[in-house]
1. Near the amide H of B:Arg143, under 5 Å away, which other amide H atoms are found, from residues 5 or more places off or on another chain, if H is placed in the peptide plane?
2. Rounded, prolate or oblate for the range A:1-67? Axes are the square roots of the Cα gyration tensor eigenvalues, ordered a ≥ b ≥ c, and the cut-off for rounded is a/c under 1.5.
3. Would you list A:Thr84, B:Thr24 from fewest to most Cβ contacts within 10 Å?
4. Determine, for B:His123, A:His21, the number of other Cβ atoms within 10 Å of each Cβ, and report the residues in order from fewest to most.
5. Need one word for the protein assembly as shown: rounded, prolate or oblate. Basis is the Cα gyration tensor (sqrt eigenvalues a ≥ b ≥ c); a/c below 1.5 gives rounded, then a/b vs b/c decides.
6. Step through the table entries A:Lys187/A:Lys234; B:Lys65/B:Lys187; A:Lys65/B:Lys234, compare each Cα-Cα distance with 24 Å, and write down the pairs that go over it.
7. Using the crude model of +1 on Lys and Arg Cβ and -1 on Asp and Glu Cβ, and no other charge, please compute the dipole size for the range B:71-219 relative to its Cα centre, in debye to 20.
8. Between B:Asp27, B:Asp124, B:Asp90, where does the largest GNM mean-square fluctuation fall for chain B, given springs only between Cα atoms within less than 10 Å?
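Every number in this text was worked out from the coordinates using simple rules, so none of it is lab data. A quick note: this is a predicted structure, and the numbers were derived from the prediction, not measured. We place every Cβ from the backbone using ideal geometry, glycine too, and count neighbours over all the protein chains shown.
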Protein chains: 2
Amino acid sequence: MSLETLGTQRCFGGWLQRLRHRSTTVDCDMTFAVYLPPQAERGEKLPVLYWLSGLTCTDENFMQKAGAQRLAAELGLILVAPDTSPRGPDVPGDPDGAWDFGHGAGFYVNATQAPWSRHYRMHDYVVHELPALIEAHFPASDRRGISGHSMGGHGALVCALRNPRSYRSVSAFAPIVNPMRCPWGEKAFSRYLGEDREHWRQWDACALLADTTERLPLLVDQGDKDGFLVEQLKPEALRAAANAAGHPLALRLQPGYDHSYYFIASFIDDHLRHHARALADR
Amino acid sequence: MSLETLGTQRCFGGWLQRLRHRSTTVDCDMTFAVYLPPQAERGEKLPVLYWLSGLTCTDENFMQKAGAQRLAAELGLILVAPDTSPRGPDVPGDPDGAWDFGHGAGFYVNATQAPWSRHYRMHDYVVHELPALIEAHFPASDRRGISGHSMGGHGALVCALRNPRSYRSVSAFAPIVNPMRCPWGEKAFSRYLGEDREHWRQWDACALLADTTERLPLLVDQGDKDGFLVEQLKPEALRAAANAAGHPLALRLQPGYDHSYYFIASFIDDHLRHHARALADR
């Protein structure tokens, strides 16, 4: 597993790096960003927060716009932001060039349908290959938290609910909580996973909540002026599922906020503290 | 003076707005961004920090990447970010399409040479027209600070040194301190201002320091791994000029930092506090 460094920049006393590697899981080159707080230079193994971005994003959006490095440097948290899909000339994208499927829109599932199933295995990349890489190459412990935005909020919830032993904490901003029942999710799942909707349940946070016996507390922020709220995001479905399962959920509707990184930046500190508490070495 | 609102977004309990207006000074439509902290809703007049961005930037870079809104919301500071030049199909740009002159590269001077002199009057726009607009349309006092990055750091220093009664505080990140003696400045000044270099002195922070009798303390941060340090930025010239004039200067060389917004974000809080102290109502 060799890593190519694309860039290194000093940031809040630590280092931001962009790196590229050949992923065996998604069978193409993948780029990711990692923020190493100042504590990383002491050599101790630090906890890691994985951040999954939303539709159309790359590894760069979160690092450039969320303002998370300031508090991560204080808390001694490593931040890791993967890309949102496999990419490259050999990776098929949306046949119509749409932005909500294919490149930039991997939906953090393991696709089962041709031609997607060869590369679109973002769940296994995020849950297995990437943490193994991070823990091998950086002073990173296996104390992992996961968070994300929109499609990436869906990804964070699903990765944590499917793999509760792999994560100590989870949170999300404006997540797609019920992709089985919204246009973005139905389009992506019908292509990546096929038309058998029963198979979709294992990739849907609301459905997974009904099945899991683990109780990983969820922190979710959602702006009430988010333009995707009613048709795509439907946080009330998550509340109903958590209530029905008796699963701990702090769902906060933030008045006046939209779907942008200004919303994320406004509340990222709360999420970092939520993760840091759970990730403290005990 | 009518203002067209292009966007309004909630951010750290306040509001970020993008606005467009017809500027009489630069004779074209101009877009700017303003961040109103939560205190603005109480109606009291708040101090304003003007931010001038660098080459190729627009009103958006600072608001998206510097992470300044968090502390501005706490301190009750309004932030205003103008564009970096006049723009539009009627505004001449660099004849060769270069990025260091013309559109996105107004250098905050009042051009005297055709064809630039009609639109490229960014100094008067920043110092006169924009504050008048801000103070007429928002709960903004005439307590003004000014800061900026690179070309915009040059702009902040020059605006403050030329108009010390208009600003209570000034700071800069990686400023072009001596444009008369660096390739970016020599290219821009020879076109905007003509070949008489004596005329350039009134637009050069180092030259202005020798002439001013006002003593507005300067805070300047400069990364020592900035790729433009040696050829373009030359902070030692500012130190020499400040020393010769007996002008207060805090020039901090920040080890390992480059020219990017990650550098700015890492130290923006220090600058905001520097300005807030000077802008406190007394």
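1. It is B:Val48, by chain and number.
2. Numbers: a/c = 1.84, a/b = 1.30, b/c = 1.42.
Oblate shape, in that a/c is at least 1.5 and b/c is the bigger or equal ratio.
3. Details: A:Thr84 27, B:Thr24 12.
Listing A:Thr84, B:Thr24 from fewest to most nearby Cβ atoms yields B:Thr24, A:Thr84.
4. Details: B:His123 22, A:His21 17.
Exposure proxy ranking, most exposed first: A:His21, B:His123.
5. Details: a/c = 1.98, a/b = 1.89, b/c = 1.05.
Judged from the Cα gyration tensor, the protein assembly as shown comes out prolate (a/c at least 1.5, a/b above b/c).
6. Values: A:Lys187/A:Lys234 17 Å; B:Lys65/B:Lys187 28 Å; A:Lys65/B:Lys234 29 Å.
Violating the 24 Å limit, Cα to Cα: B:Lys65/B:Lys187; A:Lys65/B:Lys234.
7. Values: 14 positive and 17 negative charges, 63 e Å.
So the dipole magnitude of the range B:71-219 works out to roughly 300 debye.
8. B:Asp90
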